[in-house]
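Pasting in a structure now, in structure tokens, and then I'll have a few things to ask.
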Amino acid sequence: MSRPRRSVQFQHRGSNGHHGRRPSISETSEGLSEPGSPGPRTMNGNSEKEPKPQTEYEKKKETFITRTIWTFVMIAGFFAAMFAGHIYILAIVTAVQIVSFKEVIAIANVPSRAKNLPFTRSLNWYFLGTSMYFLYGESVIYYFKHIVLVDRILLPFATHHRFISFMLYVMGFVFFVGSLQKGHYRFQFTQFAWTHMALYLINVQSHFIMNNTLEGMIWFFLPASLVITNDIFAYICGITFGRTQLIKLSPKKTVEGFVGAWILTILFGFAMTNVLMRYKYFICPANDLGSNFFTGLHCEPNPVFLPQEFTFQPPLLLHSPPRTFHIAPMQFHILVFASFASLIAPFGGFFASGLKRTFKVKDFGESIPGHGGITDRMDCQFIMGFFAFMYYQSFIAEYRASVGGVIETAIQGLSAEEQIEVVRGLTKYLVGQGQVGDGVFECLAGVLPRRRR
């Protein structure tokens with residue numbers, strides 16, 4: 001027998017305005033619930049508790065807490081890697097460029113079409129691997145010639161590196177043309193162009209960031225810190241006295257915040273440069289990838305880090321004697337670095353904002369909780385690192401003969417007999433200077449064959 005509906009109160013319909021209407025399922029289920037039951041039941045008898053929706057304030061608070069925690073995690077990881085050694089920074093840069101490439105490629109991907117073209121994603125990653133092989137090889141050969149060129153296995157790869165890289169790219173190009181399918185031409189060529197744009201904007205610029213690290217930790221840390229602090233100062237100045245909108249792509253950016261951050265970034269750059277110049281670990285090239293902050297590095301400092309005497313004539317005191325002061329030239333160069341980080345690098349972020357608006361996405365990904373994707377945090381760093389390398393090579397770097405350069409010249413420009421003569425001549429010179437004993441020269445003279453006349 002069916003269970004009687006004792007709790008249904010028909011006399012209350014009038015008060016609720018339900019005259020002439022059949023009660024709804026929810027109303028009937030409420031009437032069927034037993035007195036003292038924990039709550040409404042679903043059709044299978046399980047209790048159903050709807051979660052209380054979060055208010056806008058609670059959502060912002062949760063996002064702020066998550067964002068803050070992960071900000072400190074990233075900062076701690078960054079400093080730990082920097083003090084641990086150059087190799088760890090190179091590993092982080094490698095991971096960043098791979099994830100950023102993945103995020104940028106993903107926003108232009110059309111999954112329904114990619115499923116019909118199984119080699120589309122494979123080609124994207126193939127071109128990434130080819131470009132990384134070329135760029136990493138260029139850096140290794142340039143900075144570690146004294147190791148690569150004397151190794152019998154690595155020498156052929158070093159001497160023919162660019163040809164090997166070109167052939168790898170050509171293989172991918174031929175495979176792409178062979179994989180073109182009718183009805184998908186537009187999508188495939190769009191992916192091809194998009195992949196190469198991502199390689200240029202991410203991998204090529206990351207390559208120069210890696211070179212900055214090998215030239216000296218200061219050339220990596222200083223540009224990166226200038227961009228980060230400029231972003232923080234722009235936010236603080238913007239919410240404090242910002243009134244005038246700067247650019248429509250980023251409505252929250254203000255002119256007052258932009259200018260205020262520029263001034264504060266210059267002051268920060270002066271202070272940070274003064275600290276970093278005192279440690280050879282930061283100013284010396286990475287001639288030993290096994291070193292860290294505690295073991296340190298040893299080198300002859302670049303003159304840009306050494307205090308020099310400058311004479312200054314105050315324009316309003318023409319009849320007074322000139323004033324002399326001592327300052328490292330790097331303190332003048334930091335004006336350019338800080339100005340670029342404040343006035344030009346933010347346009348990398350504006351470019352990324354326009355890209356996201358084009359594809360109607362809020363973030364490039366969800367790699368970092370509370371922050372979005374890696375690309376969202378690195379959009380300004382790529383162009384800043386590229387600038388730092390170009391400026392350093394143009395105005396700061398010293399071009400002196402290196403051990404690797406001499407070995408490369410001897411290998412490529414001299415015959416085997418001439419190379420032996422160079423070894424014999426250098427040994428004789430070192431004996432004469434008292435750097436090595438006479439026994440070394442006699443030993444080499446008995447082992448090395450004499451040059452044919």
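Assuming 0.36 nm per residue, please report the length gained on full extension of the stretch residue 447 to residue 171 beyond their Cα-Cα distance.
Full extension from residue 447 to residue 171 adds 94.7 nm.
Further question on the same structure: Mind listing which chymotrypsin sites (Phe, Trp or Tyr not before Pro) in region 292-372 are in a DSSP loop and have 13 or fewer other Cβ atoms within 10 Å?
Listed in order of number, the matching sites are 294, 359.
Can you give the FRET efficiency for residue 54 and residue 394, using 1/(1 + (r/R0)^6), R0 = 51 Å, r = Cβ-Cβ distance, to the nearest 0.05?
Step by step, r from the Cβ atoms, then E = 0.45.
Sticking with this structure for a sec: Using 7 Å Cα-to-Cβ label points, what is the residue 327/residue 116 separation (nm, one decimal)?
Those two pseudo-labels are separated by 6.5 nm.
Roughly how many Å is it from the Cα centre of region 49-108 to that of region 260-315, as a whole number?
Region 49-108 and region 260-315 have Cα centres spaced 29 Å from each other.
Give the cross-link partners of residue 280 among the aspartates and glutamates, using a straight C-alpha distance below 19 Å as the criterion and excluding same-chain residues fewer than 8 apart.
Reachable aspartates and glutamates: 215, 288, 300, 398.
Express in nm, to one decimal, how much length is gained between residue 344 and residue 84 on full extension, taking 0.36 nm for each residue of separation and deducting their alpha carbon distance.
My answer for the length gained is 90.5 nm.
What are the equivalent ellipsoid semi-axes of region 328-453, built from the alpha-carbon gyration tensor (square roots of five times its eigenvalues), in whole angstrom, biggest first?
56, 20, 14
Just list whichever of 102/248; 59/362; 59/252; 182/360 have alpha carbons separated by over 23 Å in the model shown.
In this structure, 102/248; 182/360 lie more than 23 Å apart at Cα.
Using the beta-carbon distance between residue 92 and residue 300 and R0 = 35 Å, what value does 1/(1 + (r/R0)^6) give for FRET efficiency, to the nearest 0.05?
Given R0 = 35 Å and the Cβ-Cβ separation, E is 0.75.
Each label point is 7 Å from the Cα along the Cα-to-Cβ direction; what then is the distance between the points at residue 163 and residue 67, in nm?
Taking the two extended label points, one gets 5.4 nm.
If you don't mind, there's one more thing I want to ask. Using label points projected 7 Å from each Cα along Cα→Cβ, tell me how many nm separate residue 421 and residue 184, to one decimal.
6.2 nm
Related question: Could you work out how much longer the chain between residue 142 and residue 155 gets when fully extended? Use 0.36 nm per residue separation minus the Cα distance between them, nm to one decimal.
3.4 nm
Only the coordinates and a few stated rules stand behind these numbers; no lab work does. As the structure is a computational prediction, the values presented were derived from the model and not from experiment. For neighbour counting, all protein chains shown are included, and Cβ atoms are generated from backbone atoms with ideal geometry for every residue, glycine included.
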